[in-house]
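The values are calculated or read from the model by the stated rules, or taken from the named source; none is laboratory data. Note that the structure is a prediction, hence the values are computed from the model and not measured. Positions of Cβ are generated from backbone atoms using ideal geometry, with glycine treated the same way; all protein chains shown enter the neighbour counts.
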Amino acid sequence: MDNGYMLTLVGKDRPGIVSHVASALYEGGCNLGESSMLRLGDSFTIMMMVTCEDNAHAIEQAVAPVAESMGLRLHVDKIDVTLHHHVEPDVHIVVYGADRPGIVARVTGVLAEAGLNIINLDSNVGGTPAQPIYIMHIDGVANEGVSALESALEIVTKEGVDAKLSPIETMIG
Amino acid sequence: MAQLEILKYPDRRLKEVSVAVDVFDDELRHFIDDLEETMRAGPGGVGIAASQVGRQQRIAIVDVSSKPKVSHHGKLILINPEITKWEGFTKGREGCMSVPDYTGNVIRAKKIVVTYVDEWGKGHEIETQGFEAVAIQHELDHLEGMLFLDRLVSRRNDLFKRKVYQE
């Protein structure tokens, strides 16, 4: 069986990084599974599930020259590659408010206590430099039901953030 | 009744355009029974199109009555269906028995009017909205050789891009 790895690359964003990294992996005999690339601020970030006949050292050898030439830091972890086991979110939550320290910790804390398992989260800072606002999108599984999460969100909305929860009903046709 | 085999993408037959039904006989009705059984056997399946089992004819079944808090018309057998009116937009998550283990966000019309004939060739017109309207649009796409993969919108971004206002 092939070995599975999580490959992480971080560095200053510039065009062409994904194609160079993907080519290096392909030429190194590796296969890509799921991946997530994001530009955060002006940084390039990507995490890729990679399977490879060889060991982690071989992946590093394949990718290191590209990483170095493009100014990226490379990190490789051994993982179990489990494809075809998607977990379907059943709730989508948007939280936003004036930016202040601790929003994410507070909101995700009460939601976790109410049974939320986060599948996907992204957050952004918008507004103006003088009045920044924080916006967070969360997809997750409501392990203890949607009403438990609604009650949890009531707590944080009393503390001055705005939150909106919508159930996700996936249509299978 | 028999359960039929569901074609899975990348089977190219899923990308073909289906032809209209012009014979309404027992063979057709027998096929529709099998198609319904196949739909109900799928995990959470609320709709199916004939092209998903390799019969390239304009036949679809939709039944969302098992979903809680959803307005619906019960079991709909949609033959030679046409959407004659569209209104509004809605974003929802969709999956497909022909595309296992993947779901994504798709934008659909919120409210539609559909004309169709049933398995006896009798004409009908319904107005529907929400989950049932989404299911009908998904199935009618199959008749045009379209999958929800052709209509995916970004997992991360919202329905409408921010407008850039000019002073």
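Restricting A:32, A:7 to residues that are more than 14 Å from chain B (Cβ to nearest Cβ), under 21 Å from the mean Cα position of the chain (by Cα) and at pLDDT 95 or above narrows the list to A:7. Residues in the range A:106-122 that are of a type outside the set (A, V, I, L, M, F, W, C) and assigned to a strand (DSSP E or B): A:117, A:120, A:122. Quick check on the range A:1-40: of everything there that is among the acidic types (Asp, Glu) and not in a strand (DSSP E or B), which residue is surrounded by the most Cβ atoms within 10 Å (Cβ to Cβ)? The extreme case among them is A:13.
Only residues that are over 12 Å from the mean Cα position of the chain (by Cα) and either at pLDDT below 95 or at negative phi (or both) were counted across the range B:57-78, and they come to 11.
Considering the range A:92-105, and only residues there that are out of contact with any Leu (no Cβ under 6 Å at 6 or more places or on another chain) and either assigned to a strand (DSSP E or B) or within 13 Å of chain B (Cβ to nearest Cβ) (or both), the residue that is surrounded by the most Cβ atoms within 10 Å (Cβ to Cβ) turns out to be A:95.
For the range A:130-156, the set of residues classified as under 25 Å from the mean Cα position of the chain (by Cα) and over 15 Å from residue A:104 (Cβ atoms) consists of A:139, A:141, A:142, A:143, A:144, A:145, A:146, A:148, A:149, A:150, listed by residue number.
This table checks each residue for (1) exposed (fewer than 15 other Cβ atoms within 10 Å of the Cβ); (2) of a type outside the set (S, T, N, Q); (3) not assigned by TED's automatic domain parsing to the domain that holds residue A:145.
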residue	(1), (2), (3)
A:48	no, yes, yes
A:55	yes, no, yes
A:59	no, yes, yes
A:73	yes, yes, yes
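For residue B:51, are the conditions met, namely being crowded, with 16+ Cβ neighbours inside 10 Å and within 14 Å of chain A (Cβ to nearest Cβ)? Yes: the conditions hold for residue B:51. Every condition in (1) away from every other protein chain (no Cβ under 11 Å); (2) touching a Leu at 6+ places or on another chain (Cβ under 9 Å) is met by residue B:60 except one, and the failing one is (1). Taking the criterion of being farther than 30 Å from residue A:82 by Cβ and of a type in the set (A, V, I, L, M), the residues of the range B:101-133 that qualify are B:107, B:109, B:112, B:113, B:114, B:117, B:126, B:133.
Can you tell me which residues in the range B:87-120 are outside any strand (DSSP E or B) and within 14 Å of chain A (Cβ to nearest Cβ)? Correct list: B:97, B:98. Of the residues in the range A:41-63, not one is touching a His at 6+ places or on another chain (Cβ under 7 Å) and not in a strand (DSSP E or B).
Identify, please: which residue in the range A:135-173 is over 30 Å from residue B:97 (Cβ atoms), free of Cβ contacts under 8 Å to residues at least 40 places away in the same chain and in contact with a strand residue (DSSP E or B) (Cβ under 8 Å, 6 or more places away or on another chain) and is, among those, nearest to the other protein chains (Cβ to nearest Cβ)? Spell out how you get there, then give the answer.
Start the filter on the range A:135-173 by keeping residues that are over 30 Å from residue B:97 (Cβ atoms), which leaves A:135-136, A:147-148, A:150-164.
Those still in the list that are free of Cβ contacts under 8 Å to residues at least 40 places away in the same chain too: A:147-148, A:150-151, A:154, A:157-158.
From the residues that got through so far, the ones that are in contact with a strand residue (DSSP E or B) (Cβ under 8 Å, 6 or more places away or on another chain) too are A:148, A:150, A:157.
Numbers: A:148: 17, A:150: 15, A:157: 20 Å.
The selected residue is A:150.
Scanning the range B:60-115 for residues that are within 12 Å of residue B:128 (Cβ to Cβ) and among the small types (Gly, Ala, Ser) turns up B:71, B:74, B:109. Answer with yes or no whether residue A:91 is farther than 14 Å from residue A:6 by Cα and in contact with a strand residue (DSSP E or B) (Cβ under 7 Å, 6 or more places away or on another chain). So residue A:91 fits the description; yes. A search for C-beta distances below 7 Å between a residue of the range B:126-145 that is in a loop (DSSP other than H, G, I, E, B) and any residue that is hydroxyl-bearing (Ser, Thr, Tyr) and surrounded by fewer than 19 Cβ atoms within 10 Å (Cβ to Cβ), counting only pairs 6+ apart in sequence or on different chains, returns B:130/B:71. Within the range B:19-28, not a single residue is in contact with a Gly (Cβ under 8 Å, 6 or more places away or on another chain), within 20 Å of residue B:5 (Cβ to Cβ) and away from chain A (no Cβ under 14 Å). Note on the range A:123-170: among residues that are assigned to a helix (DSSP H, G or I) and among the small types (Gly, Ala, Ser), the one that is surrounded by the most Cβ atoms within 10 Å (Cβ to Cβ) is A:152.
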